[in-house]
1. Can we say L132 is closer than 17 Å to K86 by Cα, surrounded by 12 or more Cβ atoms within 10 Å (Cβ to Cβ) and at pLDDT 75 or above?
2. Looking at R91, R105 in this structure, which one is among the basic types (K, R), surrounded by 15 or more Cβ atoms within 10 Å (Cβ to Cβ) and closer than 23 Å to W59 by Cβ?
3. Are any of the residues in segment 49-58 in a strand (DSSP E or B), in the same structural domain as D89 (by TED's automatic domain parsing) and modelled with pLDDT under 95?
4. Is segment 152-160 home to any residue that is surrounded by fewer than 18 Cβ atoms within 10 Å (Cβ to Cβ) and of a type in the set (A, V, I, L, M)?
5. Would you call L145 in contact (Cβ under 8 Å) with a residue 24 or more places away in the chain and of a type in the set (A, V, I, L, M, F, W, C)?
6. Looking at segment 97-115 only, could you name the residues that are β-branched (V, I, T), more than 17 Å from T206 (Cα to Cα) and modelled with pLDDT under 95?
7. Any residue in segment 84-98 that is polar (S, T, N, Q) and out of contact with any helix residue (DSSP H, G or I) (no Cβ under 9 Å at 6 or more places or on another chain)?
Amino acid sequence: MPIAPTDEDDGNDNTSIASKIAYATMVVYMNTPPTNGIFVAVPSRGAALDSFTLSTSYWTDDVSDLPLEYTFSYYSLRAQDMVLVKGRDQRTFASVFVAQGLFTREYLVTCVVHATDVYEGTANATTAITILPAANSESVLSITLAALSSVSSSSNGDTVTTTTEQAELINQVVSVAVEALNTVDCSAMLTETCSSQFNREPCSSTANTCGPCLAGFLGVSGAANTPCLLQGEAKRLPLVALKIVPERLFVSTRGIS
(Lines give C-alpha, C1' and ligand atoms only; values in the text may rest on other atoms or scores of the structure.)
Protein backbone atom coordinates (compact mmCIF):
# COMPACT_ATOMS: atom_id res chain seq x y z
CA MET A 1 0.00 0.00 0.00
CA PRO A 2 1.57 3.34 -0.94
CA ILE A 3 2.09 5.82 1.91
CA ALA A 4 2.02 9.53 0.98
CA PRO A 5 4.52 12.05 2.45
CA THR A 6 3.52 13.47 5.83
CA ASP A 7 2.69 17.07 6.59
CA GLU A 8 6.03 17.34 8.36
CA ASP A 9 7.87 17.16 5.03
CA ASP A 10 8.94 20.74 4.22
CA GLY A 11 9.35 19.97 0.54
CA ASN A 12 12.79 21.64 0.50
CA ASP A 13 15.05 18.56 0.57
CA ASN A 14 16.28 16.92 -2.59
CA THR A 15 14.61 13.56 -1.90
CA SER A 16 11.98 12.76 -4.50
CA ILE A 17 8.42 11.92 -3.51
CA ALA A 18 8.83 8.50 -5.08
CA SER A 19 11.56 7.64 -2.61
CA LYS A 20 9.15 8.32 0.25
CA ILE A 21 6.56 5.73 -0.87
CA ALA A 22 6.52 2.54 1.22
CA TYR A 23 4.75 -0.77 0.67
CA ALA A 24 3.34 -3.45 2.98
CA THR A 25 2.51 -6.99 1.97
CA MET A 26 0.56 -9.79 3.59
CA VAL A 27 0.60 -13.49 2.74
CA VAL A 28 -2.77 -15.30 2.98
CA TYR A 29 -2.72 -19.09 3.13
CA MET A 30 -5.81 -20.78 1.70
CA ASN A 31 -6.93 -24.16 2.98
CA THR A 32 -7.57 -26.83 0.37
CA PRO A 33 -9.93 -29.74 1.10
CA PRO A 34 -8.84 -33.39 1.15
CA THR A 35 -8.37 -35.07 -2.23
CA ASN A 36 -8.01 -38.46 -3.96
CA GLY A 37 -10.31 -40.39 -1.62
CA ILE A 38 -12.35 -43.41 -2.65
CA PHE A 39 -15.48 -45.00 -1.16
CA VAL A 40 -16.27 -48.71 -1.31
CA ALA A 41 -19.32 -50.79 -0.33
CA VAL A 42 -19.18 -54.54 0.34
CA PRO A 43 -21.23 -56.21 -0.97
CA SER A 44 -22.22 -53.97 -3.89
CA ARG A 45 -25.59 -55.72 -4.25
CA GLY A 46 -28.03 -56.99 -1.68
CA ALA A 47 -31.52 -56.63 -0.27
CA ALA A 48 -33.23 -54.47 2.31
CA LEU A 49 -32.04 -55.30 5.85
CA ASP A 50 -28.79 -56.83 4.63
CA SER A 51 -25.69 -55.47 6.36
CA PHE A 52 -23.21 -53.53 4.22
CA THR A 53 -19.67 -52.48 5.09
CA LEU A 54 -18.74 -49.00 3.87
CA SER A 55 -15.09 -47.96 3.88
CA THR A 56 -13.06 -45.02 2.64
CA SER A 57 -9.33 -44.62 2.01
CA TYR A 58 -6.53 -42.89 0.09
CA TRP A 59 -7.46 -39.36 1.17
CA THR A 60 -4.55 -36.90 1.09
CA ASP A 61 -4.19 -33.50 2.71
CA ASP A 62 -1.50 -31.29 4.23
CA VAL A 63 -0.06 -32.73 7.43
CA SER A 64 -1.11 -29.58 9.28
CA ASP A 65 -4.74 -30.25 8.23
CA LEU A 66 -4.90 -33.69 9.85
CA PRO A 67 -6.62 -35.66 11.28
CA LEU A 68 -9.49 -36.10 8.86
CA GLU A 69 -13.00 -36.98 9.98
CA TYR A 70 -15.67 -38.76 7.94
CA THR A 71 -19.44 -39.00 7.70
CA PHE A 72 -21.31 -41.71 5.75
CA SER A 73 -24.72 -41.12 4.15
CA TYR A 74 -26.90 -42.44 1.34
CA TYR A 75 -29.81 -41.39 -0.84
CA SER A 76 -32.04 -43.14 -3.35
CA LEU A 77 -33.33 -40.18 -5.40
CA ARG A 78 -32.21 -36.69 -4.33
CA ALA A 79 -28.89 -35.73 -2.72
CA GLN A 80 -30.66 -33.22 -0.48
CA ASP A 81 -32.54 -36.13 1.10
CA MET A 82 -29.41 -37.96 2.29
CA VAL A 83 -29.78 -40.29 5.27
CA LEU A 84 -26.88 -40.25 7.74
CA VAL A 85 -25.59 -43.70 8.76
CA LYS A 86 -22.28 -42.76 10.42
CA GLY A 87 -21.71 -39.53 12.26
CA ARG A 88 -18.57 -37.43 11.92
CA ASP A 89 -15.52 -39.09 13.46
CA GLN A 90 -12.14 -40.56 12.47
CA ARG A 91 -13.45 -44.06 11.68
CA THR A 92 -12.84 -44.97 8.04
CA PHE A 93 -15.31 -47.87 7.94
CA ALA A 94 -18.67 -48.89 9.36
CA SER A 95 -21.23 -51.67 9.04
CA VAL A 96 -24.58 -50.14 8.13
CA PHE A 97 -28.13 -50.94 7.06
CA VAL A 98 -29.38 -49.12 3.97
CA ALA A 99 -32.95 -48.81 2.72
CA GLN A 100 -33.92 -50.40 -0.59
CA GLY A 101 -33.63 -48.40 -3.79
CA LEU A 102 -36.49 -47.25 -5.97
CA PHE A 103 -37.96 -49.41 -8.71
CA THR A 104 -37.82 -46.39 -11.03
CA ARG A 105 -34.03 -46.20 -10.53
CA GLU A 106 -33.44 -49.94 -10.82
CA TYR A 107 -32.97 -50.09 -7.03
CA LEU A 108 -29.71 -48.11 -7.17
CA VAL A 109 -28.69 -46.29 -4.00
CA THR A 110 -25.89 -43.72 -3.88
CA CYS A 111 -23.63 -43.86 -0.83
CA VAL A 112 -21.62 -40.75 0.02
CA VAL A 113 -18.62 -40.08 2.27
CA HIS A 114 -17.72 -36.55 3.32
CA ALA A 115 -14.09 -36.11 4.42
CA THR A 116 -13.38 -33.00 6.51
CA ASP A 117 -10.06 -31.62 7.75
CA VAL A 118 -9.38 -29.61 10.92
CA TYR A 119 -10.03 -26.34 9.06
CA GLU A 120 -13.44 -27.55 7.82
CA GLY A 121 -12.27 -28.14 4.26
CA THR A 122 -14.62 -30.83 2.93
CA ALA A 123 -14.68 -33.13 -0.08
CA ASN A 124 -16.80 -36.14 -0.95
CA ALA A 125 -16.69 -39.43 -2.82
CA THR A 126 -19.55 -41.71 -3.84
CA THR A 127 -20.27 -45.32 -4.68
CA ALA A 128 -23.46 -46.90 -6.01
CA ILE A 129 -24.98 -50.10 -4.68
CA THR A 130 -28.07 -52.08 -5.66
CA ILE A 131 -30.53 -52.84 -2.85
CA LEU A 132 -33.52 -54.96 -3.79
CA PRO A 133 -36.79 -55.05 -1.82
CA ALA A 134 -37.66 -57.80 0.61
CA ALA A 135 -39.94 -60.53 -0.76
CA ASN A 136 -42.98 -59.56 1.33
CA SER A 137 -44.07 -58.00 4.63
CA GLU A 138 -43.72 -61.29 6.50
CA SER A 139 -40.09 -61.61 5.46
CA VAL A 140 -39.47 -57.99 6.45
CA LEU A 141 -40.66 -58.79 9.97
CA SER A 142 -38.58 -61.93 10.35
CA ILE A 143 -35.45 -60.35 8.88
CA THR A 144 -35.90 -57.28 11.08
CA LEU A 145 -36.07 -59.39 14.24
CA ALA A 146 -32.99 -61.34 13.17
CA ALA A 147 -31.07 -58.15 12.41
CA LEU A 148 -32.01 -56.58 15.74
CA SER A 149 -30.95 -59.74 17.57
CA SER A 150 -27.61 -59.76 15.74
CA VAL A 151 -26.92 -56.10 16.51
CA SER A 152 -27.92 -56.41 20.16
CA SER A 153 -25.70 -59.44 20.72
CA SER A 154 -22.62 -57.90 19.05
CA SER A 155 -19.78 -56.90 21.33
CA ASN A 156 -16.24 -55.81 20.70
CA GLY A 157 -16.04 -57.87 17.52
CA ASP A 158 -15.59 -57.06 13.91
CA THR A 159 -18.46 -54.63 13.43
CA VAL A 160 -19.78 -53.08 16.63
CA THR A 161 -17.42 -51.67 19.22
CA THR A 162 -19.45 -49.24 21.31
CA THR A 163 -22.97 -48.86 22.64
CA THR A 164 -23.27 -45.70 20.52
CA GLU A 165 -22.64 -47.72 17.37
CA GLN A 166 -25.14 -50.33 18.52
CA ALA A 167 -27.75 -47.62 18.99
CA GLU A 168 -26.99 -46.27 15.51
CA LEU A 169 -27.44 -49.72 13.96
CA ILE A 170 -30.69 -50.39 15.81
CA ASN A 171 -32.08 -47.07 14.54
CA GLN A 172 -30.98 -47.97 11.03
CA VAL A 173 -32.66 -51.39 11.17
CA VAL A 174 -35.94 -49.90 12.37
CA SER A 175 -35.82 -47.11 9.76
CA VAL A 176 -35.06 -49.52 6.91
CA ALA A 177 -37.82 -51.90 8.05
CA VAL A 178 -40.41 -49.10 8.18
CA GLU A 179 -39.42 -47.93 4.72
CA ALA A 180 -39.59 -51.48 3.39
CA LEU A 181 -43.11 -51.92 4.76
CA ASN A 182 -44.23 -48.58 3.28
CA THR A 183 -42.80 -49.18 -0.18
CA VAL A 184 -45.30 -48.48 -2.96
CA ASP A 185 -45.71 -50.16 -6.34
CA CYS A 186 -44.25 -48.03 -9.15
CA SER A 187 -43.99 -50.77 -11.75
CA ALA A 188 -46.63 -49.21 -14.03
CA MET A 189 -45.09 -45.73 -14.09
CA LEU A 190 -41.85 -45.40 -16.04
CA THR A 191 -39.31 -42.75 -15.10
CA GLU A 192 -39.19 -41.59 -18.72
CA THR A 193 -42.94 -40.99 -18.69
CA CYS A 194 -42.72 -38.83 -15.58
CA SER A 195 -39.77 -36.77 -16.78
CA SER A 196 -40.54 -36.31 -20.49
CA GLN A 197 -44.34 -36.36 -20.53
CA PHE A 198 -45.19 -34.75 -17.20
CA ASN A 199 -41.94 -32.92 -16.24
CA ARG A 200 -42.06 -34.63 -12.87
CA GLU A 201 -39.72 -36.62 -10.66
CA PRO A 202 -39.97 -40.43 -10.70
CA CYS A 203 -42.63 -42.35 -8.82
CA SER A 204 -41.52 -42.90 -5.22
CA SER A 205 -44.13 -42.21 -2.55
CA THR A 206 -47.54 -42.82 -4.17
CA ALA A 207 -48.36 -46.00 -6.09
CA ASN A 208 -47.87 -45.64 -9.86
CA THR A 209 -47.87 -41.85 -9.58
CA CYS A 210 -45.15 -39.44 -10.62
CA GLY A 211 -43.44 -37.32 -7.99
CA PRO A 212 -43.30 -33.52 -7.57
CA CYS A 213 -42.66 -31.10 -10.44
CA LEU A 214 -39.11 -30.81 -11.67
CA ALA A 215 -37.16 -27.68 -10.77
CA GLY A 216 -38.58 -24.56 -12.42
CA PHE A 217 -41.90 -26.14 -13.42
CA LEU A 218 -45.38 -25.33 -12.18
CA GLY A 219 -48.22 -27.76 -11.55
CA VAL A 220 -50.20 -29.69 -8.97
CA SER A 221 -48.11 -29.97 -5.82
CA GLY A 222 -46.80 -33.29 -4.62
CA ALA A 223 -47.30 -36.60 -6.42
CA ALA A 224 -49.63 -36.49 -9.43
CA ASN A 225 -49.99 -37.73 -13.00
CA THR A 226 -50.76 -34.30 -14.42
CA PRO A 227 -48.29 -32.20 -16.42
CA CYS A 228 -46.04 -29.51 -14.99
CA LEU A 229 -45.21 -26.58 -17.27
CA LEU A 230 -42.47 -24.00 -17.31
CA GLN A 231 -43.54 -21.06 -15.19
CA GLY A 232 -43.82 -18.68 -18.15
CA GLU A 233 -45.97 -21.11 -20.12
CA ALA A 234 -48.22 -21.96 -17.19
CA LYS A 235 -49.01 -18.31 -16.48
CA ARG A 236 -50.51 -17.94 -19.94
CA LEU A 237 -52.97 -20.79 -19.48
CA PRO A 238 -56.16 -20.87 -17.37
CA LEU A 239 -55.86 -23.08 -14.30
CA VAL A 240 -58.65 -25.32 -15.53
CA ALA A 241 -56.54 -26.21 -18.59
CA LEU A 242 -53.88 -27.55 -16.26
CA LYS A 243 -56.41 -29.34 -14.06
CA ILE A 244 -55.12 -27.26 -11.15
CA VAL A 245 -57.13 -25.75 -8.34
CA PRO A 246 -55.64 -22.55 -6.86
CA GLU A 247 -55.00 -23.95 -3.41
CA ARG A 248 -52.83 -26.72 -4.91
CA LEU A 249 -50.85 -24.43 -7.24
CA PHE A 250 -47.17 -25.02 -6.68
CA VAL A 251 -43.93 -23.87 -8.24
CA SER A 252 -41.04 -26.25 -7.69
CA THR A 253 -37.72 -24.66 -6.72
CA ARG A 254 -36.10 -28.01 -6.07
CA GLY A 255 -32.50 -27.87 -7.24
CA ILE A 256 -32.57 -24.08 -7.88
CA SER A 257 -29.91 -22.17 -5.92
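1. For L132, the condition - closer than 17 Å to K86 by Cα, surrounded by 12 or more Cβ atoms within 10 Å (Cβ to Cβ) and at pLDDT 75 or above - is not met.
2. Answer to the check: R91.
3. Yes, some residue in segment 49-58 is in a strand (DSSP E or B), in the same structural domain as D89 (by TED's automatic domain parsing) and modelled with pLDDT under 95.
4. There is no residue in segment 152-160 that is surrounded by fewer than 18 Cβ atoms within 10 Å (Cβ to Cβ) and of a type in the set (A, V, I, L, M).
5. Judged against the criteria, L145 is not a match.
6. Selection gives V98 alone.
7. Within segment 84-98 (the criterion being polar (S, T, N, Q) and out of contact with any helix residue (DSSP H, G or I) (no Cβ under 9 Å at 6 or more places or on another chain)), the answer is yes, since at least one residue qualifies.
Yes/no matrix, rows are residues, columns are (1) closer than 25 Å to S137 by Cα; (2) modelled with pLDDT under 95; (3) outside any loop (DSSP other than H, G, I, E, B):
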site	(1), (2), (3)
V178	yes, yes, yes
V184	yes, yes, no
T193	no, yes, yes
C203	yes, yes, no
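The values are calculated or read from the model by the stated rules, or taken from the named source; none is laboratory data. Just so it is clear, the structure is predicted and the values come from calculations on it, not from any experiment. No Cβ is skipped: glycine too gets one built from the backbone with ideal geometry, and neighbour counts run over all protein chains shown.
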